[in-house]
């Protein structure tokens, strides 16, 4: 290594940033006793999962940009990917044999209450669209617009 200039530069960088390269292990209490977890210094794992998610949606939809999809997606949707992880499923199921058993224990009134609370959080409708839809002749305008388009045989009158 001493004769190779590139190796020397790499070693200098490692020495310079040695304290920042690794985080201290975290001690956690588990049912099996204390364990030490070595945290990742980067978020490569999370970024890799995000790339997989994006690639899957691009394949499914054909869209190159996923900005709109991600903005309208429920916050916990990416967690569905974790269902492929056996360790995650073991924790999630908590002794149940499958998701059906787990879902059977969910209180339906709690789900309904949660749905009601989220229905009040509707995205804001753009002002121009709101103005257009409030016009009394809007349904007629919409109908005329579609009938002026070249028919593909789906809409018939």
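Every number here is computed from the coordinates shown, using simple stated rules; none is lab data. Note that this is a predicted model, so its numbers are computed, not measured. Ideal geometry is used to build each Cβ from the backbone, glycine not excepted, and the neighbour counts take in all protein chains shown.
Every helix of 4 or more DSSP H residues in the chain counts as -39500 (n - 2.57), and over all residues that averages to -15500 deg cm²/dmol at 222 nm. Computed from Cα positions, the angle between helix 5-16 and the longest principal axis of the chain comes to roughly 80 degrees.
For the range 1-71, what does the alpha-carbon gyration tensor say about shape, rounded, prolate or oblate, given a ≥ b ≥ c as the root eigenvalues, a/c under 1.5 as rounded, and a/b over b/c as prolate? Judged from the Cα gyration tensor, the range 1-71 comes out oblate (a/c at least 1.5, b/c at or above a/b).
Computed from the C-beta positions of residue 93 and residue 17 and an R0 of 30 Å, the FRET efficiency is 0.10 to the nearest 0.05. Between residue 61 and residue 100, the contour length at 0.36 nm per residue exceeds the alpha carbon distance by 11.2 nm. Exposure proxy shown here: for 2, 81, 68, the number of other Cβ atoms within 10 Å sets the order, fewest to most, as 2, 68, 81.
Applying 1/(1 + (r/R0)^6) with R0 = 22 Å to the Cβ-Cβ distance of residue 48 and residue 71 gives a FRET efficiency near 0.50. Taking one quarter of the surface of the convex hull spanned by the alpha-carbon atoms of the chain gives a direction-averaged projected area of 21.3 nm².
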